[in-house]
1. Return yes when Ala154 is in contact with a Ser or Thr (Cβ under 9 Å, 6 or more places away or on another chain) and in contact (Cβ under 8 Å) with a residue 60 or more places away in the chain and no when it is not.
2. What's the number of the condition Ser305 fails, among (1) among the hydroxyl-bearing types (Ser, Thr, Tyr); (2) surrounded by fewer than 17 Cβ atoms within 10 Å (Cβ to Cβ); (3) assigned by TED's automatic domain parsing to the domain that holds Gly141?
3. Does at least one position in the stretch 199-219 carry a residue that is assigned to a strand (DSSP E or B), surrounded by 15 or more Cβ atoms within 10 Å (Cβ to Cβ) and within 14 Å of the chain's Cα centre (by Cα)?
4. Looking at the stretch 1-19, I want the residues that are touching a residue at least 12 places away in the same chain (Cβ under 8 Å) and have a partner that is polar (S, T, N, Q) with Cβ atoms under 8 Å, at least 6 apart or on another chain. Which pairs are those?
5. Would you check which residues across the stretch 169-202 are among the small types (Gly, Ala, Ser) and more than 14 Å from Ile238 (Cα to Cα) and list them?
6. Check Val155, Val137, Val188 and return the single one that is touching a Gly at 6+ places or on another chain (Cβ under 8 Å) and at pLDDT 95 or above.
7. May I ask you to list the residues in the stretch 227-266 that are among the small types (Gly, Ala, Ser) and either touching an Asp or Glu at 6+ places or on another chain (Cβ under 7 Å) or more than 17 Å from Val158 (Cβ to Cβ) (or both)?
8. With the checklist (1) touching a helix residue (DSSP H, G or I) at 6+ places or on another chain (Cβ under 7 Å); (2) modelled with pLDDT under 90; (3) part of a loop (DSSP other than H, G, I, E, B) in hand, flag the one item Arg8 doesn't pass.
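The values are calculated or read from the model by the stated rules, or taken from the named source; none is laboratory data. Just so it is clear, the model here is predicted, and its values are computed rather than measured. Positions of Cβ are generated from backbone atoms using ideal geometry, with glycine treated the same way; all protein chains shown enter the neighbour counts.
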Amino acid sequence: MSLKERKRMVVMAEVKAKKMSVREAAVIMGMGYRQAKRVWQRYRELGEAGLVHRARGKPGVRRRAEAERAQILARFGVRYLDFGPTLAAEYLRKDGLKVNHETLRRWLLEEGLRTVRRRGQQHRQWRERRACFGELVQLDGSHHDWFEGRRGKAVLMVMVDDATNRTHAHFFEEETTRASYDTLEGWVRHWGLPQALYVDRDSIYRCERLATVSEQVAAQEPQTQFGRAMKQLGVDLILAHSPQAKGRVERRNGLLQDRLVKALRLEGIEDLGAANAYLGRQFLNQLNRQFVVPAASPADVHGASPRNLDAVLSWEESRVVQRDWTVAWRGRWFQICRSHEARSLAGKSIIVRELRSGKVQLSHRGETLRWRELPARPEAPAKAPVALAQSIASVPLAHHPWRQFGAATGRAYWEREQASAAPPRPAAGSSVRSSLRSDLTASPAAGRKQPPKPNP
């Protein structure tokens, strides 16, 4: 006898003792007067047995037949043995066997095909969802044996909207910058540019090197290629300090590791191309229809997809243009076209950009430059020989004829020596002085009248 039936027995005993009326008993038992009158009639006829529910011990009208139960359990054992009750019930309905997941869970517990799993107590405070779709999107790479040994391991790049649980995913061989670029591009093509991106502290998103001198002067933090791209797109890049901080995408990874692995097995998919086609064609659409929740605000705050998205999602490096207008980059040499002569690019810093398609672009202050690739490093131009006159010191010595006999005499001497075929190198001493004394009469300084010496 249940607790409810025991309470009715106490009330009916009071009615039998005429301590209260049937109408008062109906109020206490929370039922109408006519139903209380029927309960009192059964109690008078059958006693306490009349208060027991008459359907107790009888099979329910919605009870499944034993043959149907056996068929469902047999199908489960053959095809969905490692499936959970909820997922197995979904696939059984596709097979034409309708069963509630809780009913299937009870059957599995009764047959010993499943054990009760108790979860640990939650100790972290839940963070409220963002209000709008596109306000915050979480990105993470899930490393798992997605194909159960049918091929090598792969990584599934997953993006989940924080407000709605909307999911986008793509398979790659490894978690790289290119994989993050391609995944983000897929999200932008579908829904637009999110306002913020929540990622872990992987080397793809967090630069671990020290800031250069130029970055310190400009008060800039060192950035990875992905961080540089997000800055150009105007997307806030938030680095999580723990996996639990971006719990939306982590729980979605667990869901995909359970459901997607089994779906790929049933579909017989063994390569990445077919897996990505299956994701885009069927699986993600069904997943979003089933698990997307409405946002607190109906507004969609995604930005428009920029026209230069392919150029931004690339690899950029700064290089200095040489005097011959060549640029060295990763062992390759590029010759900039001379049509940009007005820019005076020699010694200037330009941007060398490699697109995901492999195409290389050179730009300076936002303008694309024309260039051609050189087969090898250009040779440095030969230096012109230095003339003899340029090698002589310009400042004369103390005993130089210029200082003794005047600049005009010395200039005439050197002009005569330079005009000869083999100019001899002048030697210091009396021979030089004697050769120059012969020219004193021709010098304007020689005919100049000397001032008389004052008498002491």
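1. Here the answer is no, as Ala154 does not meet what is asked.
2. Failed condition: (3).
3. Yes: one or more hits.
4. Val15/Ser21
5. Matches in the stretch 169-202: Ala169, Ala179, Ser180, Gly186, Gly192.
6. Val155
7. The answer is Gly227, Ala229, Gly234, Ala240, Ser242.
8. It is condition (3) that Arg8 fails.
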